[in-house]
1. What ranking do 267-280, 233-246 get when scored by the average of other Cβ atoms within 10 Å per residue, highest first?
2. Given a Förster radius of 22 Å and the C-beta distance between R28 and K221 as r, what FRET efficiency does 1/(1 + (r/R0)^6) yield to the nearest 0.05?
3. Run lengths n ≥ 4 of DSSP H only: what is the helix-derived mean residue ellipticity at 222 nm for the chain, with -39500 (n - 2.57) per run over all residues, to the nearest 500?
4. What does the charge count around E69 come to, taking other residues whose C-beta lies under 14 Å from its C-beta (Lys +1, Arg +1, Asp -1, Glu -1)?
5. If I model a spin label as a point 7 Å beyond the Cα along the Cα-Cβ vector, how far apart are those points for A55 and L197 in nm?
6. Along the Cα-to-Cβ line of Q162, 7 Å from the Cα, sits a label point; which residues in region 107-149 have backbone N less than 13 Å from it?
7. Any idea how far the Cα center of region 62-120 sits from the one of region 236-281, in Å?
8. Around E91, what is the net charge, scoring Lys/Arg as +1 and Asp/Glu as -1 over all other residues with Cβ under 15 Å from its Cβ?
Amino acid sequence: MTAIKPMSPRPRVAVVIVTRNRPQELRRLLLQLEHQSLPPSDVIVVDNGDCPLTARLCIDAAVLHLRSEANLGGAGGFALGSLMALARGAEWLWLWDDDGWPREADCLAWLLDRQRQGGAAIVSPLVLDAENAALCAFPFRLGGRRLLARMDIQRRPVIQGQVHLFNGALMPAATFHRFGMPDTRLFIRGDEVDFMLRVMRGGGRVETLTGATACHPSGMKEAKPVLGGLLLAAVPPDELRRGMMFRNRAHVARLHHRWAMLGIDVLRYGAYFLARRQPDWAGFRHWIASTGLGLRGRLGGPAVTAAAANPPPAAAPALKATVHHHA
């Protein structure tokens, strides 16, 4: 893409970053933001962690540091940061996970130019694998095929109806006023899908501008092929993320009537956990329990989810006192 001259008057673009105890990744992102040809007017860092280096980085970069005493997850962090950005007068919000960064100095300018021309509710850059820029960090479904190669995807200047949030997604303030904030109850792993589907169901357009690119660790490291590669099962490395993702997938399927996806998940995760030499029954039971929480709308952060999954035993019925009257 060709360079774009900075727009006048300067647009009020607020960057919202959610971080948790990853100062090196945050430093890299803040440095790349400083090199944008169209500098953002505001940078807000929502800190879900307890690393003192995070505050120091924000002071050195002269950006707003919002330290949360509670871990709000990605969903709560983006909701908090976005509300703060709107309260400070932002006209556009540029949302970033702390482990992503823009590749081009003109990334923001290109995204903003596209949003102004087309009026989409969300415009996202193409998110590339941080370790291999020839591949995308997340697949696209195009023409009935699952595509990862950057060259194949960039044959289309714009991809409608698919974005990978929140890795550099640009949104006008009106998107949040119209469709609301990320659902804080989802905490992590699924809030971005729910937000995208909510926007689309409400009539908003979402699109990926393939000429503008960002980097992020590949999501394919968690993708496990099943049924001879016919399906991929996303399996995060730790139990918390697995439980949140399984639960939130079921919630999103129920809320947005994506019953076919839920049916496919039965095959997907049934095959992953059980179609092996030594079936993982504990893993499959965890998937069933987490999926059940999502279908019943039992949402919230880790503490709430644990309480819902392991309710306290019912109290014994109270004994009725009997008063004997003696003549």
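1. Values: 267-280: 14.5, 233-246: 17.6.
Ranking the peptides 267-280, 233-246 by packing returns 233-246, 267-280.
2. On the way: r = 19 Å, r/R0 = 0.88.
Rounded to the nearest 0.05, the efficiency is 0.70.
3. Numbers: 11 runs with 127 residues, N = 327.
Computed mean residue ellipticity for the chain: -12000 deg cm²/dmol.
4. 0
5. 4.0 nm
6. 126-127, 136-149
7. Taking the Cα centre of region 236-281 as reference, the centre of region 62-120 is 30 Å away.
8. +3
Here, each number is a calculation from the coordinates, and none is a lab measurement. All figures in this text were calculated on a predicted structure; none of them were measured in a lab. When we count neighbours, we look across all protein chains shown, and the Cβ atoms used for this are built from the backbone with ideal geometry, even at glycine.
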